[in-house]
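Scroll down for the structure; my scribbles are underneath it.
Each value in this text was obtained by applying a stated rule to the coordinates, not by laboratory testing. Quantities reported herein were computed from a predicted structural model and do not represent experimental measurements. Positions of Cβ are generated from backbone atoms using ideal geometry, with glycine treated the same way; all protein chains shown enter the neighbour counts.
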Amino acid sequence: MDLLNIDIPSFNNKHKDLHQKSLGLAQAISGKDNDTFLEIIEKVKAFQVAIPSWALGTGGTRFGRFSGSGEPSTLEEKISDIGLLHAINRSSGAVSMHIPWDQVEGDGQEIKAFAEEQGIIFDAVNSNTFQDQPGQEVSYKFGSLCNVDPAVRAHAVAHMKEVIDQGVKVGSKALTVWLSDGSNFPGQLDFKGALARTEACLKEVYDYMPEDWTMLVEYKPYEPNFYSTVISDWGTSFMLANALGERAKTLVDLGHHLPNTNIEQIVAVLLAKGKLGGFHFNDSKYGDDDVTVGALKPYQLFLIFCELVKGMNEDPSLDLAWMIDASHNIKDPLEDILQSVEAMKLAYAQALLVDYKALEEAQANNDVTLGQEILQAAFRTDARPIVAEARMQAGGAFDVIKCYREAKVRAQLTAQRGTEVKATGL
């Protein structure tokens, strides 16, 4: 965080007059009274999203990876980078580790104290049973928890227990499970047997978790297997979460759906059944593209947040895990994360502007046109001044990308770490 050699209050002051005019205009257009408008700003200010450790370096595809300069090569450096982001946007106050790409040394108190110095806490920890690690005695080539070989299943379960142990050391309270398990060809896998083996293994891991932990069960229809995936959709995840117990919930990754899936309806159903555990935010055109949040489908993102706002209005104690899972191979990853967090906060602010009472009345009267008008009025409101005001009140920068670039953060990281480093992860 010491690399942020820019005076944020002075940076913000240069934009003060324009910002105040824009903020007043946003309130006037929204039609919200002063108390309601200030409440919206407070809610946006409180919004926090976890940053995945693997997104701090340049991502890649199966065709290649174009690593950038100054990438973090240790957990300490990753946390330091998240501290930089948090200093700028005040909404990135957590890290989500991916083990074994990250490792907690000793009792974890040293790395936990280091994170606290940066204003960072540890969010959900993630297991990895989709890659064989160096020296691994068994292979996940034909699956992990669904594997017909009990030795492979035992190895995967042991790994997940180790991930929990490492998470406990640093104060994490959740385990995210994403399985690549599935098949590429008809006849390769018995569907019912694979699901039964997966459920039995997940139950063993679930029972191992501390009582105050949550298991987040992720789903994906395809990739890396292209004929079948064991946990292929939200229904399978929901079914497994119900079978496991109250502390197991479904995790929704926006990119883990077939094109044009109605994700906002999935969110609403899971909220209604008390089984929505959290999100991996990203954006996509075709599949699990993992591009910057809001880059392609901002209206869908807004509609998802509308369901979330309704859910939080109905249950203020609702506690969801928010995380970015976007990693592209041609952008500065820190700029990409800043853009993603901003897109989420913008969609959240717009969703808070919706007149839900009027929307309910329109729905009760089957007034389809008015319902659409109410939603699109909020979506078309420029809520950027609201997000900027919330960020500045929390001590962040008026313009996150401009601040990052004026501080020459990437050049400083490169000078400190060099040009040949490569972050761990995909």
Pick from 219, 227, 140: which is most flexible by mean-square fluctuation in a GNM of the chain where alpha carbon atoms under 10 Å apart are linked?
227
Of 387-394, 120-127, ordering from highest average Cβ density within 10 Å down gives 120-127, 387-394
Full-extension gain in nm, residue 358 to residue 299, via 0.36 nm per residue minus C-alpha separation:
19.3 nm
Distance between modelled label sites at residue 203 and residue 162, nm, 7 Å Cα→Cβ extension:
2.6 nm
In terms of Cα to Cα distance under 17 Å, which lysines are near enough to residue 297, apart from those fewer than 8 places away along the same chain?
285, 345
Relative contact order for the chain: what is it in percent, counting Cα pairs under 8 Å that are at least 6 residues apart?
24 percent
Applying 1/(1 + (r/R0)^6) with R0 = 41 Å to the Cβ-Cβ distance of residue 103 and residue 262, what FRET efficiency is obtained, to the nearest 0.05?
0.55
Per the C-alpha gyration tensor (a ≥ b ≥ c, the square roots of its eigenvalues), the chain is rounded if a/c is under 1.5, else prolate if a/b beats b/c, else oblate; here it's oblate
Determine Rg/Rh for the stretch 84-135; Rg is computed over alpha-carbon atoms and Rh is the Kirkwood hydrodynamic estimate from the same atoms.
1.05
Charge dipole (debye, nearest 20) of the stretch 48-353; +1 at Cβ of Lys and Arg, -1 at Cβ of Asp and Glu:
760 debye
Restricting to the chain, compute how many DSSP beta bridges are antiparallel as a %, nearest 5.
15 percent
What residues have an amide H closer than 5 Å to that of residue 174, excluding those fewer than 5 places away on the same chain, when H is modeled at 1.01 Å from N in the peptide plane?
125, 214
Just to check I understand the Karplus step: with θ = phi - 60° and J = 6.51 cos²θ - 1.76 cosθ + 1.60, what whole-Hz values come out for the stretch 221-232, glycine and proline as x?
x, 7, 6, x, 8, 10, 9, 8, 10, 4, 9, 8
Cα-based Rg then Dmax for the stretch 298-352, in Å, read 13.0, 41
Given unit charges at Cβ for Lys, Arg (+) and Asp, Glu (-), the dipole magnitude of the stretch 205-274 about its Cα centre in debye, nearest 20, is 160 debye
Using packing as a proxy for protection, rank 174-185, 355-366 so that the peptide with the highest average count of other Cβ atoms within 10 Å comes first.
174-185, 355-366
Starting from the alpha-carbon convex hull of the stretch 237-363, give the projected area averaged over all orientations, in nm².
8.5 nm²
Links that overshoot a 22 Å alpha carbon limit, given the list 141/192; 169/422; 203/275; 45/331; 16/45
169/422; 45/331
Would you mind telling me which residue in 255, 64, 31 has the biggest mean-square fluctuation in a Gaussian network model of the chain, where springs connect alpha carbons within a distance under 10 angstrom?
64
Label-to-label distance, nm, for residues given as residue 74 and residue 405 (7 Å Cα→Cβ offset):
3.2 nm
Separation between Cα centres of the stretch 333-358 and the stretch 372-403, rounded to whole Å:
7 Å
Calculated from DSSP H runs of 4 or more alone, at -39500 (n - 2.57) each and per residue, what is the 222 nm mean residue ellipticity of the chain, nearest 500?
-15000 deg cm²/dmol
